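Below is one structure, written out as structure tokens, with a few remarks after it.
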Amino acid sequence: MTSDILARIADGASAIPAGQWDACAGDANPFVSHAFLSALERSASVGEGSGWRPLAIVIDDDTGHPCAIAPLYAKSHSQGEYVFDHGWADAWERAGGAYYPKLQLAVPFTPVPGPRLLLREKARAPALIAAIEEVTRQNGLSSAHATFVDKAQLPLFEAAGWLVRQGVQFHWHNDGYASFDEFLGALASRKRKQLRKERAAAVEGLTIRHLTGGAITEAHWDAFWIFYQDTGARKWGRPYLTRAFFSMLGEAMGDRLLLILAERGGQPVAGALNVIGADALYGRYWGCVEDVPFLHFELCYYQAIDAAIARGLRRVEAGAQGEHKLARGYAPVPTWSAHFLPDPGFRRAVADFLRRERHAVEREQAFLGEMTPFRKGGD
């Protein structure tokens, strides 16, 4: 470390007492909580053999307690990040460099915007970023990446000279709706009819259940694990998360989980797992063992809207990508990442790429924003 930065590296969240970690993380975003990140570690979803090695950088106060933490990972690949840098890796390696390992400041497998610098003392932010940079340089690493950065923290990375990348997600926004029908009333008539038809077709012959806290049993997790494995195998080749992760998550933060199940004859045939935040419902995992038209939309999008309205939450964040969300009332919003590249030539090349990419992303977002299903003048 440089002489004016005193920081240490811990072996992930599990190496730090939960109370000390959460004093820095706060309670607004559940994914940076000690419960969530340590469950990933204890369940072996990250760690040895996963390509995600936890390396939290910690700055302590005068009493020896953490006042700033960066939940960092040494990555040996670019999987499970949802901000794609495979082209950068290919270019750097064709130039004779080793792109991996790299440093990733992120929540593994979780494309949810949130704080990437956990700050009990906000004034420590520049030192924490400088410590990340120094670890990158001292170890001869190609790069460090902070993905899905909360917009409020973006200026901290910009001030340090990190390159900023823009992306797009689709979120549902609660404009004070009292019910799903009131939300439908804000849509164009053709879209209202479409959504009502989809909902009716999706639930025919099925029972929908919302479970949270102690109501989620190991039998429910067994069923959901089968659903998750099916989705993971189709999307990523193999699931990122282990079966143990779901049990640990349920035990550690069950009251912040909402498991929505579709049952036929009392047997679960599909499910969607959501995490409840301070002002948002986060849709995370979904799967099924029975192909039912529109059931994915029902469990992941419409039931999530119902749940958010019932809880008075301001929005639903339904994960990465998915322009099909647009027709279902989810609007495009920007997401942000920040990137530190020590090599000047590599930095210039990536900066040029990002300038061109951002123009394209902004045009796409503006175009998509015009295609929302909400009523326009005269409808």
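The values are calculated or read from the model by the stated rules, or taken from the named source; none is laboratory data. Since we're looking at a predicted model, the values are computed, not measured. Here Cβ is always computed from backbone atoms with ideal geometry, including for glycine, and neighbour counts include all displayed protein chains. Note: accessible area is taken over every heavy atom of the protein model, side chains too, but ligands, DNA and RNA are not part of it. Shrake-Rupley method; radii C 1.70, N 1.55, O 1.52, S 1.80 Å.
Between Ala215 and Ala244, what is the FRET efficiency for a Förster distance of 22 Å, r being their Cβ-Cβ separation, to the nearest 0.05?
Working: r = 20 Å, r/R0 = 0.92.
Efficiency, rounded to the nearest 0.05: 0.60.
Leaving out ligands, DNA and RNA, what percent of the accessible area of the stretch 258-346 is carbon and sulfur, probe 1.4 Å? If you can, show how the numbers build up before the last one.
Numbers: 1440 of 2740 Å².
The C+S portion of the solvent-accessible surface of the stretch 258-346 is 52 percent.
I'd like the GluC sites (Glu not before Pro) in the stretch 1-98 restricted to DSSP loop residues with at most 15 other Cβ atoms within 10 Å, sorted by number.
Values: sites: Glu41, Glu48, Glu81, Glu93; in loops: Glu48, Glu81.
Answer by residue number: Glu48.
Given axes a ≥ b ≥ c from the Cα gyration tensor, I'd like to know whether the chain is rounded (a/c under 1.5), prolate (a/b larger than b/c) or oblate.
Taking the square roots of the gyration eigenvalues as a ≥ b ≥ c, the chain is prolate.
What is the distance in Å between the Cα centroid of the stretch 46-122 and that of the stretch 165-230?
Comparing the Cα centres of the stretch 46-122 and the stretch 165-230, I get a distance of 32 Å.
Using 10 Å bins from zero, what percent of all Cα-Cα pairs in the stretch 89-132 falls into each bin?
22, 32, 33, 12, 1
Over the Cα atoms of the stretch 221-379, what Rg and Dmax result, in angstrom?
19.1, 62
Defining a contact as two alpha carbons under 8 Å apart and six or more residues distant in sequence, what relative contact order in percent does the chain show? Numbers along the way, then the final one.
Numbers: 705 pairs, mean separation 76.4, N = 379.
The normalised contact order for the chain reaches 20 percent.
Could you grab the relative contact order for the stretch 95-248? Cα pairs under 8 Å, six or more apart, rounded to a whole percent. Please list the in-between numbers first.
Details: 82 pairs, mean separation 30.2, N = 154.
Averaging sequence separation for qualifying contacts and normalising by length gives 20 percent for the stretch 95-248.
Do the sum for the chain: with -39,500 (n - 2.57) for every DSSP H run of n ≥ 4, divided by all residues, what is the mean residue ellipticity at 222 nm, to the nearest 500 deg cm²/dmol? Spell out each step's value before the answer.
Numbers: 11 runs with 131 residues, N = 379.
It comes out at -10500 deg cm²/dmol, rounded to the nearest 500.
I need the chymotrypsin sites (Phe, Trp or Tyr not before Pro) found in the stretch 63-111, filtered to DSSP loop residues with at most 12 other beta carbons within 10 Å of theirs. The partial results should precede the final answer.
Details: sites: Tyr73, Tyr82, Phe84, Trp88, Trp92, Tyr99, Phe109; in loops: Tyr82, Phe84, Tyr99, Phe109.
Taking the stretch 63-111 and a limit of 12 other Cβ atoms within 10 Å, the loop chymotrypsin sites (Phe, Trp or Tyr not before Pro) found are Phe84.
In percent, what relative contact order does the stretch 270-379 have, based on Cα pairs under 8 Å that are 6 or more apart in sequence?
On the way: 93 pairs, mean separation 25.3, N = 110.
The normalised contact order for the stretch 270-379 reaches 23 percent.
Per residue, how much accessible area does the chain have with a 1.4 Å probe, in Å²?
On the way: 16150 Å² over 379 residues.
Result: 43 Å² of accessible area for each residue.
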